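A short worksheet on the structure shown next.
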Amino acid sequence: MTQPGEQELHRWVEASHIEYGGDPWCFIRELAQNSRDADATRIEVTCGVLDTGEEWITFSDNGKGMAWVNAQAFLLKLYASGKDETQDYAGAFGVGFWTVLLFKPNLILISSRTDEESWGLKVDRHLAVTRQECGLESRGTSITLIRNSLCSDVSIFRNTIAERVTYYCRFLTCRLSDHTLQTFCEGKKV
């Protein structure tokens with residue numbers, strides 16, 4: 001599978017960090033926009049700390065999922081997108097997903113299920129990609145990011161995520177209607 005070069009992506013992330021306003025949590029907005037573009041009506045964000053001391057965040061939606069052929073063509077390539085700008089998509093430039101690198105993950109776990117198929121990927125810190133089983137039982141996409149702990153207290157980590165999810169998702173609407181895209185962080189509605 002072709003994937004972007006590690007150095008190219010990290011250079012892009014460093015440059016885009018300024019363009020995105022210097023907020024290392026802007027990947028939450030980008031993932032929320034991808035969920036909206038996948039016709040999701042619900043987003044769930046959970047987080048915590050593993051026994052190893054690593055912090056993790058999981059971003060899940062109930063959208064239409066991504067076909068494996070599209071994941072190969074668009075997800076793991078910088079500046080590649082299957083979104084048509086004329087269909088009211090929030091993003092169409094093929095860069096939003098990679099803002100997850102601002103989280104500085106050691107590991108990225110991706111699962112997606114459509115009505116017809118499912119797949120999973122594991123991406124390590126060097127951007128080596130390994131196929132794995134899908135962890136979802138129903139349609140949608142889930143992305144888990146795991147990194148070395150940067151917060152001294154798990155409550156600070158959770159509060160920061162809740163604040164950024166609220167900031168980026170509180171006015172998000174479904175793509176094909178004016179209904180609010182239901183967003184939950186640690187089980188609490190945003």
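The values are calculated or read from the model by the stated rules, or taken from the named source; none is laboratory data. Values in this document were obtained by computation on a predicted structure and should not be read as measured data. With ideal geometry, Cβ positions are generated from the backbone for all residues, glycine too; neighbour counts draw on all protein chains shown. Just so you know, the surface numbers come from the protein's heavy atoms only, side chains and all, with ligands and any DNA or RNA stripped out. Shrake-Rupley method; radii C 1.70, N 1.55, O 1.52, S 1.80 Å.
Go ahead and run the numbers for FRET between Glu54 and Lys188, Cβ-Cβ distance against an R0 of 22 Å, rounding to 0.05. Taking R0 as 22 Å, the efficiency between Glu54 and Lys188 is 0.40.
If R₀ is 35 angstrom, what is the calculated FRET efficiency for the pair Val129 and Tyr167, using the beta carbon separation as r and rounding to 0.05? So, using R0 = 35 Å, E works out to roughly 0.70.
For the peptides 53-62, 145-154, 109-118, what is the packing order when you average, over each peptide's residues, the other Cβ atoms within 10 Å and list the highest mean first?
Details: 53-62: 20.1, 145-154: 14.1, 109-118: 17.6.
Top to bottom by mean Cβ count within 10 Å: 53-62, 109-118, 145-154.
Using a simple spin-label model with pseudo-atoms 7 Å out from Cα toward Cβ, Lys122 and Arg42 lie 2.9 nm apart.
With a 1.4 Å probe and every protein chain kept in, tell me what percent of the accessible surface of segment 90-190 is carbon plus sulfur.
On the way: 2620 of 5360 Å².
Carbon plus sulfur share of accessible area: 49 percent.
Loop only per DSSP, at most 11 neighbouring Cβ atoms within 10 Å: give me the trypsin sites (Lys or Arg not before Pro) in segment 156-190, ordered by residue number. Taking segment 156-190 and a limit of 11 other Cβ atoms within 10 Å, the loop trypsin sites (Lys or Arg not before Pro) found are Arg170.
Give the accessible surface of segment 143-190 per residue, rounded to a whole number of Å², with probe radius 1.4 Å and ligands, DNA and RNA excluded. Could you put the intermediate results ahead of the total?
Values: 2840 Å² over 48 residues.
Per residue, segment 143-190 has an accessible area of 59 Å².
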